[in-house]
1. Where in the range A:223-329 are there helices (runs of 4 or more DSSP H), lying wholly inside it, with at least 2 residues that are among the β-branched types (Val, Ile, Thr), away from every other protein chain (no Cβ under 14 Å) and surrounded by 23 or more Cβ atoms within 10 Å (Cβ to Cβ)?
2. With B:Lys208, B:Lys216, B:Lys227 as the choices, which residue is facing chain A (nearest Cβ under 10 Å) and either surrounded by fewer than 24 Cβ atoms within 10 Å (Cβ to Cβ) or farther than 13 Å from B:Tyr330 by Cα (or both)?
3. Quick one: which helices (runs of 4 or more DSSP H) sit completely within the range B:200-311 and have at least 1 residues that are not assigned by TED's automatic domain parsing to the domain that holds B:Ile333 and not small (Gly, Ala, Ser)?
4. Looking at the structure I just gave you, is B:Arg42 facing chain A (nearest Cβ under 7 Å), surrounded by fewer than 21 Cβ atoms within 10 Å (Cβ to Cβ) and part of a helix (DSSP H, G or I)?
5. Please verify whether A:Ala207 is in a helix (DSSP H, G or I) and either more than 14 Å from every other protein chain (Cβ to nearest Cβ) or farther than 12 Å from A:Tyr312 by Cα (or both), treating the condition exactly as stated.
6. Do we find a residue being in contact with a strand residue (DSSP E or B) (Cβ under 7 Å, 6 or more places away or on another chain) and not in a loop (DSSP other than H, G, I, E, B) anywhere in the range A:349-367?
7. In the range B:293-323, which residues are closer than 27 Å to A:Thr308 by Cα, surrounded by 15 or more Cβ atoms within 10 Å (Cβ to Cβ) and more than 12 Å from chain A (Cβ to nearest Cβ)?
8. Can you find, within the range A:330-376, the residue that is farthest from A:Leu391 (Cα to Cα) among those that are among the β-branched types (Val, Ile, Thr) and crowded, with 16+ Cβ neighbours inside 10 Å?
Amino acid sequence: MNKFYQFANKVKIVTGKDSINELAKEMVLFGARNILVVSDRNIKKLGYIDVIKKIVSTNTRLRINATYVNVPRGSSMDTIEEAYTLFKDNSCDSIIACGGGSVINTAKCLKLMVATKTKKLSQLCGTGYARKQDDIPFGVVATTVGGGSDIDETASIIDERNMTRHEFSSEIMQPDFCILDPTFVKSLPEDRFLLGGIELLINSVEAYLNKRYNPISNNYALFSIKILSNIFDDFVVSGKLDENKCIELQECSAMSGMALASSLGGLSHALTNAICACSQAYHNLVLAVVFPVCLAERLDENREDCATLLRYTVPQKEWSAIDKNKRAGYFVEKSCTFIKAVLEKYGLAHRLKDMGVERESLEHIAELACNDSVLLTSAKWYEKSDMMKILEMCW
Amino acid sequence: MVKVSDNNIKFLIGEKSLENLAYEIRLAGCDKPMLVCDDMARRLGYKSILLKSFDGTDTDINYIDHTIGDIATTNDCERIVKEFIKSASDCLILLGKKAVMSAGKISKIMLCEGELSVAEYEGKDLSVSEVKKIPMFVVPTNYASGIECSNKVRIYSPDFKTIYQFDSTYAQSDVVVCDSRMTDITPPKAVASYGLYALAMAVDGYVKSGDSLYTKPYALTAIEILKEHLIKGILKVADKEHRREIMSAVVIAGCGYYQLEKNFLAVLSDVISDRYKVNQANVMAILFRHYIRHASADDREVLSQLRVCFDEDEGEDDAQVVLDRIEKIYCEIDEAVNYNSCLGDFNISKSDFASIAEETIAAADVKSEELSYSFIINLLEESY
């Protein structure tokens with residue numbers, strides 16, 4: 001057991017219906033004046049940027065100086081440096097990011113550059129120490145559910161020129177606040193929304209199974225698993241999610257993000273990051289395919305923890321009735337059954353080959369996964385052969 | 001309904017966690033910290049340990065104030081603010097018990113708002129002002145107080161003979177460090193009182209948090225820690241690990257509890273502790289034991305969710321299992337150590353019960369069915 005641990009949730013979270021109306025107040029509270037809005041074209045098309053502009057205009061202390069909507073799927077170093085130029089050219093002093101993981105990661109790296117007064121993002125690569133020289137008010141309006149990028153202090157960015165990905169990690173990158181308004185996820189198709197929910201479940205389970213001792217993040221993980229389990233059980237019965245469940249799902253998103261930010265992910269995340277670096281597959285869909293295999297493969301090393309996880313997902317009576325030795329297996333089965341049901345219901349890909357992942361690339365993916373920083377705190381050291389075994393099963 | 005989770009505190013917990021403090025100060029962009037501590041921290045050597053943790057770093061303590069007494073006053077705050085400005089410090093380190101935390105937090109509010117006297121902030125809505133950054137690093141000693149992570153703070157004014165109360169984002173600390181070495185000299189009776197206080201905050205906080213999901217994991221964490229370490233921390237006096245875990249449970253439970261609106265139990269405890277100048281944590285721990293037995297049907301429903309914290313397979317009624325386990329913890333502590341376990345241990349007269357009940361009803365902001373005269377009298381009788 002580690003004798004030292006740390007837990008931080010440095011992001012103020014504002015949730016609930018119409019929480020978007022708090023945007024201007026929060027920006028003022030954190031000292032914003034001249035704002036750069038970072039987003040992507042889809043979000044613009046959906047009219048969310050107009051909503052933000054309207055809300056910001058209600059406060060005379062705030063002004064949107066520029067809007068950057070060129071963030072592609074999977075953010076890149078060039079994109080961030082382009083946004084940095086726009087930020088500087090328009091004398092901005094604060095950022096609002098409206099979007100999903102790519103948009104938020106772009107804005108996080110932009111904040112890192114501005115706050116550390118660094119003109120080249122490549123100078124800030126890697127996990128390490130960067131001293132803050134400037135406060136940049138930074139708010140996020142999340143339009144997806146699942147990733148946790150609105151809470152954590154990391155960003156994985158594509159370096160197109162060198163055909164690689166760089167990891168950035170610093171507390172300085174974290175947003176000051178995050179708004180989780182159900183109106184902003186309404187446009188998500190039901191399958192994407194549920195995949196987001198599945199990603200949350202996976203994030204929480206991986207955060208819990210990570211052996212880095214951290215009782216606070218463990219309890220955030222357990223509690224979000226408990227709520228998610230209720231939401232999923234409801235969905236199985238009714239076939240739909242009402243607005244209250246959407247809000248709960250968004251709250252789980254924040255809690256699971258907090259857990260993952262402190263505990264890091266695990267095997268499924270390492271493999272998914274590597275697969276997404278080598279293909280155009282969706283992160284949460286890959287995760288949904290990889291996770292059940294990883295969980296089943298690691299059952300023996302995680303038997304006790306999986307039994308605890310079951311305790312948070314079934315009523316006491318049901319828990320007591322299940323044979324002690326079968327509880328871990330029951331949890332794995334319960335989780336995987338739901339994931340499979342969602343994939344089947346919406347006709348989503350079950351295998352990596354159906355997502356455009358080439359068999360020839362599996363070796364390279366396995367190598368990348370072995371070197372992923374999320375495995376730094378893993379209980380077990382994974383060899384390339386371990387990764388290949390799982391990749392073959394998923395392919 | 002819009003819900004806000006605004007408790008952006010970083011916890012550093014464990015052995016030698018103080019060694020990370022200099023790094024955190026630099027990370028916040030500061031290099032001239034002012035240390036505020038109580039005389040106890042100086043005498044027990046906690047101050048020296050803290051100063052030593054800066055050896056080999058490029059940050060030195062800019063100014064030290066170690067004159068805070070057992071009860072912090074507005075005069076302390078005004079002195080801290082003056083010295084902070086005079087010494088051109090850029091952040092605060094608070095080392096000590098509740099009085100240091102209170103004085104430091106109020107000082108931070110004053111520094112953020114301008115150099116005014118404490119009285120001028122009373123009743124002012126500080127939540128709408130722009131957040132100014134004066135980073136505050138908190139190092140609790142002995143058994144912590146639960147208010148390390150809270151936005152709420154109370155301070156006594158000797159000039160006006162009154163207690164000012166504040167609830168402000170400015171009062172929030174940035175980093176809380178729970179280091180085993182800061183629990184060196186903690187008597188078992190204090191460990192018992194504060195451990196039970198943490199249990200009260202955690203369970204009551206969980207039950208009363210309603211649909212505020214973000215605070216519940218703090219409660220679950222504290223219960224989990226206490227279940228494992230509370231009795232051991234009392235029985236094994238030499239084992240610092242258990243005491244440090246209990247200290248962290250007090251901080252973590254307080255973090256969840258003080259994010260909620262001040263509820264009945266906290267109001268009643270404050271009324272009694274202010275009136276008789278007795279330890280509020282001790283009073284709350286005593287009251288909670290009896291109060292929780294009167295949980296309403298709705299509260300019992302929530303209470304039943306806590307069964308997952310206790311490894312108990314037997315028992316049909318989940319809420320009753322939880323209540324029995326809580327009572328068992330109290331009984332084990334009663335047997336293990338002689339501590340103030342009932343209100344009768346303080347100089348409280350039964351004839352004051354009526355006025356305590358009236359004062360509690362008048363002081364509570366939120367109306368609830370618990371705020372009935374007969375309920376309070378009954379609870380006081382049971383706790384006596």
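The values are calculated or read from the model by the stated rules, or taken from the named source; none is laboratory data. Remember, it's a predicted structure, so these values are computed and weren't measured experimentally. So basically every Cβ, Gly included, is an ideal-geometry build from the backbone, and we count neighbours across all protein chains shown.
1. Once the helices (runs of 4 or more DSSP H) in the range A:223-329 are filtered for at least 2 residues that are among the β-branched types (Val, Ile, Thr), away from every other protein chain (no Cβ under 14 Å) and surrounded by 23 or more Cβ atoms within 10 Å (Cβ to Cβ), what remains is A:267-277, A:283-297.
2. B:Lys216
3. Those helices (runs of 4 or more DSSP H) do not exist here; none qualify.
4. no
5. yes
6. no
7. Answer for the range B:293-323, where residues must be closer than 27 Å to A:Thr308 by Cα, surrounded by 15 or more Cβ atoms within 10 Å (Cβ to Cβ) and more than 12 Å from chain A (Cβ to nearest Cβ): B:Asp299, B:Arg300, B:Val302, B:Leu303, B:Leu323.
8. Looking at residues that are among the β-branched types (Val, Ile, Thr) and crowded, with 16+ Cβ neighbours inside 10 Å, I get A:Val342.
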